[in-house]
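Contents: one structure, followed by commentary.
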Amino acid sequence: MGYSIFGGLFDRGPGISDDAWLQAMLDTEAALARAAERAGLAPPGTGAAVTSVADVGHFRGVDLPAAARATGNPVPALVKALTALAPPDAAIHLGATSQDIIDTAAMLIARRSIDAVLADLSAAGQRCVALTRAHAGTVMAGRTLLQQAVPITFGLVTANWLTAIDEARTQLHRVRTSRLAIQYGGAAGTLAPLGEAGPAVADLVAEELGLPAPALPWHTNRLRILDLAAALTATCAALGKIARDVTLLSQTEVAEVHEATGGGSSTMPHKQNPVAAVVILGHTKQAPHLLATLASAAEQEHQRGAGSWHSEWQPLTHLLALTTSSAAWAADLLGGLQVDEPRMRANLEATHGLTQSEHITTLLTPHLGRQKAHALVSQATARAAAGNITLAEALTTSKESSATLAACQITRDQLDVALAPTSYLGATAQFISRALAAHESHSSVT
């Protein structure tokens with residue numbers, strides 16, 4: 001991937017190096033050799049012989065990049081080198097074309113990457129469960145358009161994180177179980193060198209690799225790649241949302257959460273940066289553009305794409321690497337997230353009850369109608385902001401509003417109750433319970 005000194009940030013997860021690609025291609029060739037032997041198209045023992053030499057360690061001296069420049073991809077040189085190591089009667093690359101090997105290798109790499117992502121998402125989800133249960137009643141300011149809106153609880157925030165993680169897991173699991181498949185069609189998707197035995201050998205290759213066998217080759221039907229890329233991008237979106245919330249809530253002026261081990265600055269000794277969240281965002285911001293490239297490549301010519309197929313290799317590899325790394329960082333981030341409950345309450349109280357303006361409007365609406373109630377409370381909030389007084393004071397010190405409250409038979413005690421943030425949480429508890437129940441149901445399936 002070329003990350004070199006940045007490897008600690010980007011290469012978390014199983015890694016998708018050139019060696020990983022090479023080994024996946026060798027695994028595909030070895031599986032084909034074993035399948036050919038099982039189908040009676042190669043002598044006994046040749047499949048095992050090919051498998052024994054199909055290891056990256058045997059190919060260190062092969063200049064595959066130079067060979068790829070000559071043929072448009074590394075497979076021809078790989079096959080030549082593998083053939084030199086294998087018995088002369090082994091069925092190497094039988095009936096296959098280069099795309100069969102590269103596409104199937106991509107599926108093997110994707111499967112390994114998805115497994116790593118799912119494991120980290122499971123860990124992140126469990127941490128969200130713990131946070132949700134611990135903070136189901138931790139009141140804080142809900143914010144819309146970056147401004148305080150109405151009270152919510154931090155448990156509702158983490159329940160939303162949990163739901164997004166579960167949805168991402170569902171998409172990845174679907175791709176993992178039903179959209180990854182071998183590619184084996186030969187030159188133009190007919191497997192002509194194998195005659196009528198082609199589909200049977202394809203089934204055996206699939207069995208050897210533990211991947212599904214598609215109904216027919218998908219050389220220029222790239223929907224499997226798009227489904228994979230979309231699921232990875234959706235996962236990045238879910239993780240990016242968590243990271244963005246953490247960066248906003250950990251700002252100095254907000255300081256409602258912070259990472260357990262914040263990072264320092266090269267110039268400012270006092271800085272404790274939200275490193276994990278920032279790195280996750282550094283990953284996930286790239287995902288939509290990689291998906292766009294893969295979507296653009298999906299329209300391909302006739303039976304083999306001229307450049308469009310080739311354009312998939314780097315963005316798909318990059319997207320897999322970014323997603324696996326993001327998931328690993330997210331598991332760490334959520335595992336050490338620290339919550340400052342007093343700060344949440346202090347920030348909520350900083351507006352002197354203005355976050356309860358909707359509640360007061362709702363309380364007055366049956367008596368005044370919504371428009372009049374909204375106008376009265378709007379005037380009170382303006383007085384509160386201008387005079388740096390509480391909303392309660394603004395409502396009770398104005399002759400007009402205090403007279404209206406009296407006419408509506410709303411006492412000061414009732415007003416104080418309505419101005420308490422905990423009195424206006426709506427269905428928060430129910431939504432949290434539903435999110436936790438959905439997670440339990442989801443976990444039992446995936």
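For every helix of n ≥ 4 consecutive DSSP H residues, a contribution of -39,500 (n - 2.57) applies; sum these over the chain, divide by its total residues, and give [θ] at 222 nm rounded to the nearest 500 deg cm²/dmol.
Calculated at 222 nm, the ellipticity per residue is -20500 deg cm²/dmol.
Can you find, among A124, L322, A197, the residue farthest towards the positive end of the dipole of the chain? Put +1 on the C-beta of Lys and Arg, -1 on that of Asp and Glu.
The one lying farthest along the dipole's positive direction is A124.
What's the carbon and sulfur percent of region 1-118's accessible surface, probe 1.4 angstrom, rounded to a whole number?
That share works out to 59 percent.
About its Cα centre, what dipole magnitude does the chain give when the only charges are +1 on Lys and Arg Cβ and -1 on Asp and Glu Cβ, stated in debye to the nearest 20?
1040 debye
What is the magnitude of the charge dipole of region 345-446 about its Cα centre, with +1 placed on the Cβ of each Lys and Arg, -1 on the Cβ of each Asp and Glu, and no other charges, expressed in debye to the nearest 20?
With only Lys, Arg, Asp and Glu charged at Cβ, the dipole is about 220 debye.
Mind checking the angle between helix 275-284 and the chain's longest principal axis? C-alpha axes, 0 to 90 degrees, to the nearest 10.
Between helix and principal axis, roughly 60 degrees.
Work out from phi, with θ = phi - 60° and the Karplus expression 6.51 cos²θ - 1.76 cosθ + 1.60, the ³J(HN,Hα) of each residue of region 353-359, listed in order in whole Hz, and give x for Gly and Pro.
x, 5, 5, 9, 4, 5, 5
In whole Hz, what ³J(HN,Hα) sequence does region 121-127 give by Karplus (6.51, -1.76, 1.60; θ = phi - 60°), x for Gly and Pro?
5, 4, 5, 5, x, 5, 5
Using Cα centres only, tell me the gap between region 297-336 and region 386-446 in whole Å.
Centre-to-centre (Cα) distance: 45 Å.
Among 186-192, 153-159, 20-26, 319-325, how do they line up from the highest to the lowest mean number of other beta-carbon atoms within 10 Å?
Going from most to least packed, we get 319-325, 153-159, 20-26, 186-192.
In square angstrom, what is the accessible area per residue of the chain with a 1.4 angstrom probe?
46 Å²
Quick one: how many lysine pairs does the chain have with C-alpha atoms less than 26 Å apart and a gap of 8 or more or different chains? Give me the count, please.
Step by step, the pairs that qualify in the chain add up to 4.
Treating the angle as unsigned and between 0 and 90°, give the value, to the nearest 10°, between the Cα long axis of helix 287-297 and the longest Cα principal axis of the chain.
Value to nearest ten degrees: 40.
Going by amide H atoms built from the backbone, whose H comes under 5 Å of the H on M140, apart from near neighbours?
So M140 has HN proximity to I152, T153, F154.
The values are calculated or read from the model by the stated rules, or taken from the named source; none is laboratory data. This is a predicted model, so every value here is computed, not measured. Every residue, glycine among them, receives a Cβ derived from its backbone with ideal geometry; neighbour counts consider all protein chains shown. These accessible areas exclude ligands, DNA and RNA; they are computed on the full protein's heavy atoms, side chains included. Shrake-Rupley method; radii C 1.70, N 1.55, O 1.52, S 1.80 Å.
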